1. Is region 36-43 home to any residue that is touching a residue at least 24 places away in the same chain (Cβ under 8 Å) and more than 17 Å from Val131 (Cβ to Cβ)?
2. Contact list please: Cβ distance under 9 Å, first residue in region 73-95 and in contact (Cβ under 8 Å) with a residue 24 or more places away in the chain, second residue part of a loop (DSSP other than H, G, I, E, B) and acidic (Asp, Glu), pairs at least six apart or on different chains.
3. Check whether at least one residue in region 201-217 is closer than 30 Å to Val91 by Cα and not aliphatic (A, V, I, L, M), and report yes or no.
4. Just checking, does region 146-164 include any residue being outside any loop (DSSP other than H, G, I, E, B), touching an Asp or Glu at 6+ places or on another chain (Cβ under 7 Å) and either without any contact (Cβ under 8 Å) to a residue 40 or more places away in the chain or closer than 24 Å to Ala269 by Cα (or both)?
5. Test each condition in (1) in contact (Cβ under 8 Å) with a residue 24 or more places away in the chain; (2) of a type in the set (A, V, I, L, M, F, W, C); (3) over 23 Å from Glu172 (Cβ atoms) for Leu195 and report the one that comes out false.
6. Could you check Thr170 against (1) surrounded by 18 or more Cβ atoms within 10 Å (Cβ to Cβ); (2) of a type outside the set (D, E, K, R); (3) on the phi < 0 side of the Ramachandran plot; (4) not in a helix (DSSP H, G or I) and say which number it fails?
7. Just one of Ser134, Ser63, Ser70 is of a type in the set (S, T, N, Q), under 20 Å from Gly285 (Cβ atoms), within 18 Å of the chain's Cα centre (by Cα) and not in a strand (DSSP E or B); which is it?
Amino acid sequence: MLYTCTMNTAIDLYVAVDELKPDTVNRTHDEDYQPNGKGVNVSIMLKRLGIESVALGFIAGFSGRYIEESLLEMGIKTDFVKVDGITRINVFINSENEYKLVNQGPMIEQKEQEILLKKVKEIPAGSMLIVSGSLPKGVSDSILVDIAKICSKHDVKLVLDSSVCTVIETLEYKPYLLKPNEEEVANLFNKAHPLSETELIECGKELLKQGAQNVIISRGKDGALYFSQEDLLKATSPQGQVVNTACSGDAMLAAFIGKRMQENSLEDALAHAVATGASTAFSKGLSDLADIPSLLNQVTISAYKGA
């Protein structure tokens, strides 16, 4: 079975205005509300690919209920820990530029964190757990190490997509997959962003050396790099009109995991991942997958010549 964990769930409000002006009423010409949080996005995209998952994490208040009800309506199983407060609502504004307003969310008490860790301990051996996104108030970075220890002990494949620097400390427990973006890679190694492709290659190899079994570095319009002990692949990305990049990395991760679970080749899974990430960036929210066949024609997968 496949599980996702979103500790900082959210509702994403997408709005579009012709021009964002200060000190005046800016009236939108388009709006969209979506249950969100990185792991939530992965569960939704997996469902669109025909793969079942269980969504774990924290939810609070009316906004948390909206997220859970939305997922249940989609046929996605949930097992959230309910906490006091209100799940955050983020705002993404598409105008002459793209603006992202991301809120903090509720405080998570220690007893609530223990409940979540207990749920992780109950995940059956042989399953996969995808932990994605930022940490809410009250949650220490060390929780990722706690989760990695549990997964290692209970034979659960751990996938991590988080900007938290303690990701490095999880590597001794050999997580199945890491999916940082370029900026997160720079932060993990205390390097200045942006990194050159050569520097990204060096960092990816170092993550493998320290214990990661697989690594995907997402690069936005430049595609992605994939690393394992056997392969180093480079994927180009389709080009198009960017609308909202907020969920593209989550879509990429879900497509890669989903296609591998469906026994597609590594190259095919990576191509679908990049195409799905691009399709999402060209949409208000997660891709509906309708344009994937045409976008795949623009994706090139090649073994990295410097490997």
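1. Applying the first criterion (touching a residue at least 24 places away in the same chain (Cβ under 8 Å)) to region 36-43 yields 36-43.
From what's left, more than 17 Å from Val131 (Cβ to Cβ): none.
Checking region 36-43: not a single residue is touching a residue at least 24 places away in the same chain (Cβ under 8 Å) and more than 17 Å from Val131 (Cβ to Cβ).
2. Filtered contacts from region 73-95: Gly75/Glu52; Ile76/Glu52; Lys77/Glu52; Val83/Glu109; Asp84/Glu109; Ser95/Asp18; Ser95/Glu19.
3. No: zero hits.
4. Here is the first cut: in region 146-164, the residues outside any loop (DSSP other than H, G, I, E, B) are 146-153, 157-161.
Applying the additional criterion that residues be touching an Asp or Glu at 6+ places or on another chain (Cβ under 7 Å) yields none.
There is no residue in region 146-164 that is outside any loop (DSSP other than H, G, I, E, B), touching an Asp or Glu at 6+ places or on another chain (Cβ under 7 Å) and either without any contact (Cβ under 8 Å) to a residue 40 or more places away in the chain or closer than 24 Å to Ala269 by Cα (or both).
5. (1)
6. (4)
7. Details: Ser63 fails: within 18 Å of the chain's Cα centre (by Cα); Ser70 fails: within 18 Å of the chain's Cα centre (by Cα).
Going through Ser134, Ser63, Ser70 in turn, the sole match is Ser134.
Throughout, read-outs are computed from the coordinates displayed, never taken from laboratory work. The structure displayed is predicted, hence computed values, not measured ones. Backbone-built Cβ (ideal geometry, glycine too); neighbour counts: all protein chains shown.
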